[in-house]
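Coordinate-derived values only; no laboratory data. Please read all numbers here as calculations on a predicted model, not as lab measurements. We place every Cβ from the backbone using ideal geometry, glycine too, and count neighbours over all the protein chains shown.
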Amino acid sequence: MREGIYSSDEQGHILDCNPAFLQMLGVSTLEELAGYAASDMMVDPGARELEHDLIARDGGVREFEFRLRRPDGQILTVLDSCTVARNPKTQVQHYHGILIDITERKEAEQALQRKQEELRVSVAALKASEERYTLAVAGANDGIWDWVPGAEVMYLSPRWKEMLGYAEAEVEGRADEWFSRVHPDDQDTLRCAFDEHLRGATPLFEHEHRIQHRDGSYVWVLARGLAVRERGRPATRIAGSLTDITERKRAELQLQHDAFHDALTELPNRGLFDDLLGRSVGKLRRQPDYLFAVLYLDLDRFRVLNESLGHRHGDQLLIAVAKRLQKCIRPGDTAAHLGGDEFGVLLDGLKEPADATLVADRIHRELSLPYLLGGQEVFTTVSIGIALSAPAYERPEQLLRDADLALYRAKALGKARSEVFNLGMHALAVAQLELETDLRRALEREEFRVYYQPIVAMDSGAVVGFEALARWQHPARGLLEPAAFIAAAEETGFILPLGRWVLQEACRMLQGVNASRPGEPPLSVNVNLSPRQFRQPDIVDEVRQVLEETGLPPACLRLEITEGTVMEHAEPAMATLAALRALGVQVHLDDFGTGYSSLSYLPRFDIDTLKIDRSFVSNMAARGDNAEIVGVIVTLAHNLGLQVIAEGVETPEQLEMLRDLKCGQVQGFLFSRPVAAEDVPGLLATAHATH
């Protein structure tokens, strides 16, 4: 038999056995087991006592399973079918039984149990995972989708459908339910993104696109997914999520809009305008016959309007101008707010150069119409510089530069007009730049001079003072009059040190002249204050300091300020005029009648004298209306208790007419041209002898 058969005494010693039993225990003969009791070979010795007690008590055949340790140390799992043999007095004589090696079976059972436990754990984990997935799908804000590529069926979660405004039953589980709703402009890129991921070109499927909502609008979504594939084989499945990113997209678009648009006017800003202009220049390089134009606009007298009406109304004016500009251009053109009161217009794809000037004319007409601001009608004009595209332009800033030069020319020619850039303007700009550079060095090199033109009393014919006039002894261009450099000095700010120097030189000269004429009535000197000088916060302190340094009495100094200068900032100007008068100096209003209508302000200005502009005096005889204007100015001055000086008197006829009009003082070439400081004493001596 293959099973081991044995017989043992009550103590567990083997009395007899078959060969299979010996083989099972790994021994050859029964004698080898003589030193072993059954309990010695059992891994759990107490099991034998329990087994034998049960058999002795119950009788019959009992089966026991236990682990057996062979003499060589190997452990077996065995099934022992055992019974007891008794003598006539019921005493136990020996046990005998059949031993079956079930080690392999037990190992298989245990392996099976382990597998079953692993399976149970896996099933429990899968169930938990499915529950988590179900909960996640139900509670997630994202829509879930699952698709076998190429199949008609596609799983679309309830949230996926809800995001588009549908109930679950209203959308079938088909791929076309998704793709047919995608915005036409996004369909190709979506399918391309799917295809790239399905063939393994991208590690993750991800795509932003628009998809149509039930109400007909489009919402922005972010689709993400991951394909399932075996190595070297096409994807068999792809699943992922759909997220509504409409708000994020809206915020991004708003940020992008804000970055490239002016917050006040909503027009494109300088950055976007430069970018669009750069694209046009790039197209010009590819197509030399491509024609476009840049218009550079600047509102005339905006600063005056802004300060007189208030900044809030100034902003309203800019907004109104922006809206009118957009009405003047075609849909493909661009109007931009470049900053302050400056605007730019890009006219793309023109048929001929004249089209640019036609648009400029349209802008002039539209912007010259009245604006209603705060219940008040306001008028403004605009100056426009135009630069037309040409193959020579390589960068957008070159076009803007030339349009700006043309704008500068339009301003110089009287404003409220357009000028097209030409190469002469560039040469003029270069010359202007050279002039500004020379200006900065001229004061250090002592190239400036002060010339003096006498002011004569009409009743006595005596010289009562001088007007100080700046001259520049340019090393290359000779002696330059103010018209050649004052505007540049004002624009660059150089007028401030130059103006102080002229004031100082004039006061020093007059103090010396008056000191050399003891017993004679003191003479006065008129010094012009530029707009920039007059607006200095410390102009009063500067005048006081010059008077103290030169020793000239304040009563001998007259400061000339143009009508436009005080009217640009009327309220602050009144305070400055009053402070200057408080020093003891006199203030003259220069070029009266050529600027703003200041008659309502004139009585409020703290001034002493009106100076009649030479443009009225020069044509008094030829045009009777000029004589009437001069007469009105003289009468007005007298009625306000002011003195009057007429400048530009060149003929005896003009002098007589002014005498008849009772003009108090005059100056002009009829008496003397401006002379250098060293010639003043001689001029006074000659005038005194003549008088």
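Helical content alone sets the calculated 222 nm signal of the chain at -13500 deg cm²/dmol, taking -39,500 (n - 2.57) per DSSP H segment of four or more residues and averaging over every residue.
The angle between the Cα long axis of helix 680-690 and the main principal axis of the chain comes to about 30°, on a 0 to 90 degree scale.
Look at the Cα gyration tensor of the range 409-543: its axes a ≥ b ≥ c give a/c of at least 1.5 with a/b over b/c, and that counts as prolate.
Of the trypsin sites (Lys or Arg not before Pro) found in the range 1-110, those in coil by DSSP whose Cβ has at most 14 other Cβ atoms within 10 Å are Arg2, Lys89. In straight-distance terms, cross-link reach from Lys106 covers every one of the lysines whose alpha-carbon lies under 26 Å from its own, apart from those fewer than eight places away in the same chain; here that gives Lys115.
Projecting the Cα atoms of Ile144, Phe421, Ser217 onto the charge dipole of the chain, computed from C-beta unit charges around the Cα centre, puts Phe421 farthest toward the positive end. Spacing of the modelled spin labels on Glu266 and Arg233, each 7 Å from Cα toward Cβ, amounts to 5.9 nm. Select one label from (1) 1.49; (2) 1.06; (3) 0.97: the one whose number is Rg/Rh (Cα atoms, Kirkwood Rh) as derived from the coordinates shown. Of the labelled values, this structure produces (1).
Residues Tyr290, Tyr155 in ascending order of nearby Cβ atoms (within 10 Å, fewest first): Tyr155, Tyr290.
Averaging the Cα positions of each part gives two centres, and for the range 144-215 and the range 553-578 these lie 76 Å apart. The overall shape of the range 465-560, judged from the alpha-carbon gyration tensor, is oblate: a/c is not under 1.5, and a/b is no greater than b/c. As a proxy for reagent exposure, ranking Leu583, Leu253 by other Cβ atoms within 10 Å from fewest up yields Leu253, Leu583. A Förster distance of 30 Å, applied to the separation of the beta-carbon atoms of Asp185 and Ile319, puts the FRET efficiency at 0.35. Helix 624-639 and the long axis of the chain differ in direction by around 80°, with both axes built from C-alpha atoms.
Where in the range 466-490 is the amide nitrogen less than 14 Å from a point lying 7 Å along the Cα-to-Cβ axis of Arg535? Label zone hits: 490. The alpha-carbon of Lys161 sits under 19 angstrom from the alpha-carbons of these aspartates and glutamates, leaving out residues fewer than 8 places away in its chain: Asp142, Asp146, Glu152, Glu170, Glu172, Asp176, Glu177, Glu208, Asp215, Asp244, Glu247. Taking the charge dipole of the chain about its Cα centre, with +1 at Lys and Arg Cβ atoms and -1 at Asp and Glu Cβ atoms, the residue from Met1, Ala637, Gly165 reaching farthest to the positive side is Ala637.
Taking 0.36 nm per residue of separation and subtracting the Cα-Cα distance, full extension of the segment from Asn422 to Ala128 would add 97.7 nm. Helix 103-139 and the longest principal axis of the Cα set of the chain meet at an angle near 30°.
Summary of packing: across the peptides 22-29, 441-448, the per-residue average of other C-beta atoms within 10 Å ranks them, highest first, as 22-29, 441-448. Fully extending the segment from Val148 to Asp53 would add 27.4 nm, taking 0.36 nm per residue of separation and subtracting the current Cα-Cα distance. Taking other C-beta atoms within 10 Å as the exposure proxy, Cys192, Cys17 rank Cys192, Cys17 from fewest upward. Remark: the chain carries a charge dipole of roughly 940 debye about the Cα centre, counting +1 on each Lys and Arg Cβ and -1 on each Asp and Glu Cβ.
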